[in-house]
1. If r is the Cβ-Cβ distance from residue 18 to residue 54 and R0 is 41 Å, what FRET efficiency results, to the nearest 0.05?
2. Roughly how much of residue 81 is accessible, in Å² to the nearest 10, using a 1.4 Å probe?
3. 7 Å from Cα along Cα→Cβ at both residue 93 and residue 66: what's the point-to-point distance in nm?
Amino acid sequence: MKLLFATDGSAHSKIALEEIANSLYPPGSSVHIITTIDNIVFTPGNAPMGAMNEYYAEAQRVAMSKAMENLENAEKVLQMKNSALAITTAIVNGTPKSVILEEAEKLGTDLIILGSHGYGAVTRFLLGSVSQAVALHAPCSVLIVREKKT
């Protein structure tokens, strides 16, 4: 079974990661863990172009560092708790909705797993929902893990 786990390092992603780590999968199953870096677009202001370039480069460096940290943490959790899974990781450039769908198609994924931020209807309408878009357009089954209410 080919799993695709999309993480942004949030508490919601960590709950989904725990779901993967504590579940049983058929022998030979694999999980491909991805995170995305959305290209940052700056509009020129009053700052000199060199300052904007430095700011952009630093923002990209921080985003890449955070993405690597998210992947490494997710991989460590799975290695410790579910060592039967073969694990691969990738940082993919683009918007999360598009990247997840494209990666699932490219890899021939059987199941996409992601966390839900639990937005209400208004916030979801204004911001969009990655989990909703993936569930509607995925080429395979999708497991959206929600935080349990206490």
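1. About 0.55, to the nearest 0.05.
2. 100
3. For residue 93 paired with residue 66, the spin-label model returns 1.9 nm.
The values are calculated or read from the model by the stated rules, or taken from the named source; none is laboratory data. Since the structure is predicted, the reported quantities are computational estimates derived from the model, not experimental observations. Cβ atoms come from the backbone with ideal geometry, glycine included; neighbour counts cover every protein chain shown. We work out accessible area using only protein heavy atoms, side chains counted, and drop any ligands, DNA or RNA first. Shrake-Rupley method; radii C 1.70, N 1.55, O 1.52, S 1.80 Å.
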